[in-house]
Amino acid sequence: MILKQFYLSCLSHASYLIADEQSRRAIIVDPRRDIDEYLDTAARHGLRIEGVINTHFHADFLSGHLELVAATGAWIGFGAAAETDYPIRRLSHGEHLSLGRVDIEILATPGHTWESISLLVRDGISQIPAAVLTGDSLFIGDVGRPDLANLSNATSTDLARAMYNSIHRVLLRLPDEVAVMPAHGAGSSCGKNLSTDLVSTIGEQRRTNPSVQPMTEDEFVALITSGQPAIPGYFHSVADLNRRIHPVLDSARTVPELCGNDIRARMTDPGTVLIDTRSPEEFAAAHLTGSVNVGLAGRFAETCGMVANADDSILVITAPGDEQQAVLRLGRIGYDNVAGYLNARPDTGSTFPESLADLVEHTDRITVTELADLLDRDAVTVLDVRNGGERESGFIEGSLHIPLPELAGRHREVPDRTPVVVHCQSGWRSSVAASLLRAHEHRSITDLEGGYLAWSRLHRKAL
């Protein structure tokens, strides 16, 4: 048996290849849109990809099932409750798919969504299953939240009760030795306490996962319907798009390089968003008025989905050579709308073309010591853009709380009567939030270097 995990850290996304070494038949599970890695792996092992299975309608990325069908002619499999605009193979609880000696048993595990399934994988030489691919049902350290892609008339509570049954009456009844291989890891918005581990076992989760400990159904529902991260704005549209026929990703597509005058002309167009992909430090030193800083070094695609819409025309500012990476990562969430790029070139003496000189500005990020002085003088409003669960470990007294995924829709709640200092946990998201507020014409906005981690270190020293 071949069972290979492909992990994409910037989306905390795991996909899988399951194959039989003798028959050379393979299945891809929960693929992303850029499918070359799956095709290359299959070619290297002499495998034929005959099917692609999605464990559910993903909300955080656009799945690559249509791309794989176009490349290989594979069939598409979903749980029996799935409804799509394209032909699918409906997979029912207890059904077996044979690849030869390798067997895949379908387990219906609704709760994250109604159509959610898990895949129990057996090698013919062993009576004990080798692994269970749990999608967004059982994570390592948590379970899937019940409110991301609820496209029916049911409630989050209904889904949470279904998840209780899926966890306790299906997945936890598997042998302790079975490997647990979920679709997401730490950082995903699909749960709140996901581990950095990429593989575990049923036994280890039974012992250590707080969300699957013995408890009543009502206690379980209360646990998983509270304290979840704010939902990025693009999630609902992507979950719906995964049900529909849509254009496949053109991985060879290039976008044009724009000159300064092109950028100036396009910046005034309604529905145009200018995203600067450099680091917060580089952005603070020099950036264009109205641009939003979403660094490639962070959760780039997911965060772009918080500050731009899928139908916006996106212009990207990148370091030389980073433009295609930015385009690809946006394509992974269905944002195939990058109209052009501009390279920032500080090595030339001026980061931006001379024709844009009047649009270049800089911002001064402040230190925790400077923030403490401003707070002592009651001269600033502090905006915390972390998720609610992060605030549970501590917060700056008197701070306004608006999670970053909600900021674009709630920016009018940020007062303009005093200067505003934005902070997150470590300083990356705060640069996104501060630049987003300035793009919405808020003034006197800066952000905190080092974020709440730096603030808490300062106050521990003071004690």
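The values are calculated or read from the model by the stated rules, or taken from the named source; none is laboratory data. Small disclaimer: the values here were computed from a predicted structure and weren't measured. Note: ideal-geometry Cβ built from the backbone for every residue, glycine included; neighbour counts use all protein chains shown. Areas reflect the complete protein model, heavy atoms only, side chains present, ligands, DNA and RNA absent. Shrake-Rupley method; radii C 1.70, N 1.55, O 1.52, S 1.80 Å.
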Checklist entry - Which ones in region 190-219 are within 23 Å of residue 390 (Cα to Cα) and open to solvent by 10 Å² or more (accessible area, probe 1.4 Å)? => result 192, 193, 194, 195, 196, 197, 198, 208, 210, 213, 219
Next on the checklist: Whether any residue in region 272-293 is open to solvent by less than 20 Å² (accessible area, probe 1.4 Å), assigned by the TED database to the domain that holds residue 8 and over 26 Å from residue 331 (Cα atoms) is what I want to check.
Outcome noted: no
Item to check | Top-ranked residue in region 352-368 [being touching a residue at least 40 places away in the same chain (Cβ under 8 Å) and over 33 Å from the mean Cα position of the chain (by Cα); ranked as least open to solvent (accessible area, probe 1.4 Å)] | outcome: 356
Next on the checklist: Just to verify a result, which residue in region 314-331, among those that are over 21 Å from the mean Cα position of the chain (by Cα) and open to solvent by 40 Å² or more (accessible area, probe 1.4 Å), is farthest from residue 34 (Cα to Cα)?
Outcome noted: 320
Checklist entry - Which residues, taken from region 326-359, are of a type outside the set (Phe, Trp, Tyr) and assigned to a strand (DSSP E or B)? => result 338, 339, 340, 342, 343
Item to check | Positions within region 429-454 being surrounded by fewer than 20 Cβ atoms within 10 Å (Cβ to Cβ), in a helix (DSSP H, G or I) and not small (Gly, Ala, Ser), in sequence order | outcome: 453
Checklist entry - Would you say residue 384 is crowded, with 17+ Cβ neighbours inside 10 Å and touching a His at 6+ places or on another chain (Cβ under 8 Å)? => result yes
Checklist entry - Got a number for residues in region 105-129 being open to solvent by less than 60 Å² (accessible area, probe 1.4 Å), in a loop (DSSP other than H, G, I, E, B) and over 25 Å from residue 159 (Cα atoms)? => result 3
Checklist entry - So which pairs qualify, if the first residue must be in region 377-393 and free of Cβ contacts under 8 Å to residues at least 24 places away in the same chain, the second must be in a helix (DSSP H, G or I), the Cβ gap must be under 9 Å, and the two must be at least 6 apart or on different chains? => result 391/452; 393/452; 393/456
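I need the full set of residues from region 1-32 which are open to solvent by 30 Å² or more (accessible area, probe 1.4 Å), in contact with a Lys or Arg (Cβ under 8 Å, 6 or more places away or on another chain) and not in a strand (DSSP E or B), in order please.
Restricting attention to region 1-32, the residues satisfying the condition of being open to solvent by 30 Å² or more (accessible area, probe 1.4 Å) are 1, 3-5, 7, 9, 21-25.
Narrowing the set further to residues that are in contact with a Lys or Arg (Cβ under 8 Å, 6 or more places away or on another chain) leaves 1, 22-25.
Within region 1-32, 1, 22, 23, 24 qualify.
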Checklist entry - Out of all the residues in region 336-351, which are β-branched (Val, Ile, Thr) and either without any contact (Cβ under 8 Å) to a residue 24 or more places away in the chain or in contact with a Phe, Trp or Tyr (Cβ under 9 Å, 6 or more places away or on another chain) (or both)? => result 348
Checklist entry - For residue 412, are the conditions met, namely being open to solvent by 10 Å² or more (accessible area, probe 1.4 Å), under 20 Å from residue 370 (Cβ atoms) and part of a helix (DSSP H, G or I)? => result no
Checklist entry - Checking residue 348 against (1) modelled with pLDDT under 95; (2) over 26 Å from residue 262 (Cα atoms), which test does it fail? => result (2)
Checklist entry - Got a number for residues in region 90-104 being buried (at least 16 other Cβ atoms within 10 Å of the Cβ) and under 28 Å from the mean Cα position of the chain (by Cα)? => result 2
